[in-house]
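Here, each number is a calculation from the coordinates, and none is a lab measurement. Remember, predicted model here, so these are calculated numbers, not experimental data. Heads up, the Cβs are rebuilt from the backbone with ideal geometry, glycines too, and the neighbour counts pull from every protein chain shown.
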Amino acid sequence: SRDMIVLGLETSCDETAAAIVRRRADGTGELLANQILSQMDHAAYGGVVPELAARAHVTHLDALITAALSEAKLDFTDLDGIAATAGPGLIGGVLVGLMTAKGLAFAHGLPLIGVNHLEGHALTARLTDEAPFPYLLLLVSGGHCQLLIVEGVGRYERLGATIDDAVGEAFDKTAKMMGLGYPGGPAVEKAAASGNADRFALPRPLTGREGCDFSFSGLKTAVRKALLDLEEVGPQDKADLAASFQKAVGDILARQTGKALEMAGARLGPAPRLVVAGGVAANRYLRTRLEALCQERGAQLIVPPPKLCTDNGAMIAWAGAERLALGLSDPLDLAARARWPL
Ligand code: KG4
Ligand code: ZN
């Protein structure tokens with residue numbers, strides 16, 4: 001095995017991103033360039049409009065790739081592979097990134113690596129931190145909420161998942177109901193900072209149920225009801241409700257992750273590690289809650305820096321480099337997939 005330098009493209013949602021990483025032969029990583037453009041124009045619609053997102057990826061991706069190469073002071077001839085998200089995600093956007101990667105791979109005679117977006121989130125901690133396999137992964141994003149044992153590249157065992165909404169989706173919907181804007185996660189976290197988390201009694205769905213699945217739709221409904229019950233909704237009400245909501249999410253994540261640590265047991269080895277990934281991992285309050293859980297259980301918490309928790313190109317470049325280091329690459333007729341479970 002030798003050093004691998006990989007360009008990674010991410011276009012599965014509303015960030016257009018291109019990044020370059022180096023994966024050294026010893027498995028350690030280095031971020032050489034990280035270019036990202038967040039399509040904030042979706043805010044006006046309260047959510048991502050797939051067709052607009054795909055068109056914006058077409059408009060911006062080339063310039064971001066050029067910027068990434070210049071940031072890393074590299075040329076295509078220095079690269080060992082081209083990675084792109086091949087799914088899951090909004091199919092129009094995924095196609096833009098994957099077709100671009102295929103064209104570049106073909107033109108420069110480089111291997112193509114089609115990356116599962118979730119695998120990108122799952123492996124990012126190994127770029128930024130020392131995170132040897134195995135570890136327990138809590139994947140919390142706008143589209144996903146899962147607990148997995150990560151045994152190796154491509155070796156995942158799911159212990160639990162949401163039976164309805166993803167946790168980021170619950171943040172986004174809560175923010176929308178309260179008129180806090182989009183994306184909802186950061187807005188709710190900001191509002192919650194000056195709120196009383198004990199003012200509203202919100203449910204913790206699936207309490208007492210076996211296993212470590214998640215449910216957030218009842219929590220969302222309770223937020224809606226709490227808003228309807230108020231005669232007028234002032235800034236303090238919003239802050240209190242945001243804080244109460246965030247605390248409920250913290251309770252749910254801590255409880256189910258605690259159960260997963262028990263379920264995984266000896267499979268995580270004598271010094272268990274918990275890696276948190278996905279956009280919601282950027283939330284500082286939730287990090288604190290998971291930090292407390294890990295302290296209680298004698299586990300080590302690993303959370304990549306916030307800019308690598310939300311969608312980015314580095315996670316795709318890194319997952320591509322990890323696959324390439326194992327000799328894995330894909331044919332140029334690889335299909336894009338809207339759905340692709342890990
Ligand atoms: O991983 P990501 O960037 O995209 C997906 O693959 O879904 O995650 C985006 C999600 C959004 O739902 C967003 O509201 C949420 O992550 N998020 C947060 C925070 N920052 C982003 N949720 C809670 N607190 C945050 N600070
Ligand atoms: Zn994501």
If you place +1 on the Cβ of every Lys and Arg, -1 on the Cβ of every Asp and Glu, and leave all else neutral, what size is the dipole of the chain about its Cα centre, to the nearest 20 Debye? 560
What percent antiparallel are the DSSP beta bridges of the chain, to the nearest 5? 65
Sort 78-85, 108-115 by packing, meaning the average of other beta carbons within 10 Å per residue, with the highest value first. 78-85, 108-115
For the chain, find the longest principal axis of its Cα atoms and tell me its angle to the long axis of helix 50-72, 0 to 90°, nearest 10. 60
Can you tell me the 0 to 90 degree angle between the C-alpha axis of helix 167-177 and the longest principal axis of the chain, rounded to 10? 60
Of all beta bridges DSSP finds with both residues in the stretch 135-303, what is the antiparallel percent, to the nearest 5? 60
Work out, step by step, the length gained on full extension between R158 and D78: first 0.36 nm times the residue separation, then minus their alpha carbon distance; give nm to one decimal. 25.1 nm
Remind me, relative contact order of the stretch 1-97 in percent, using alpha carbon pairs under 8 angstrom and six or more residues apart? 38
Taking the Cα centre of each part, how many Å lie between the stretch 99-113 and the stretch 32-51? 25
Report, as a whole number in µm² per second, the diffusion coefficient that Stokes-Einstein gives for the chain at 25 °C and 0.890 mPa s using the Kirkwood radius over alpha carbon pairs. 120
Highest-MSF residue in the chain out of L95, L228, L290 [GNM, Cα springs under 10 Å]: L228
Taking Lys and Arg as +1 and Asp and Glu as -1, residues besides V21 with C-beta under 11 Å from its C-beta add up to 0
Tell me, how many Å apart are the Cα centres for the stretch 146-220 and for the stretch 288-342? 19
In what order do T221, T100 fall by count of nearby beta-carbon atoms within 10 Å, going from fewest to most? T221, T100
Over 27 Å (Cα to Cα) among K173/K307; K190/K259; K176/K259; K73/K102; K102/K173 -> K190/K259; K176/K259; K102/K173
Using a 10 angstrom cutoff on alpha carbons, build the Gaussian network for the chain and name the most mobile of E151, E296, E189. E296
Before anything else, pin down the relative contact order of the chain: Cα pairs under 8 Å, at least 6 apart, normalised by residue count, whole percent. 25
In a Gaussian network model over the chain where Cα atoms closer than 10 Å are linked, find which of A242, A321, A105 has the largest mean-square fluctuation. A105
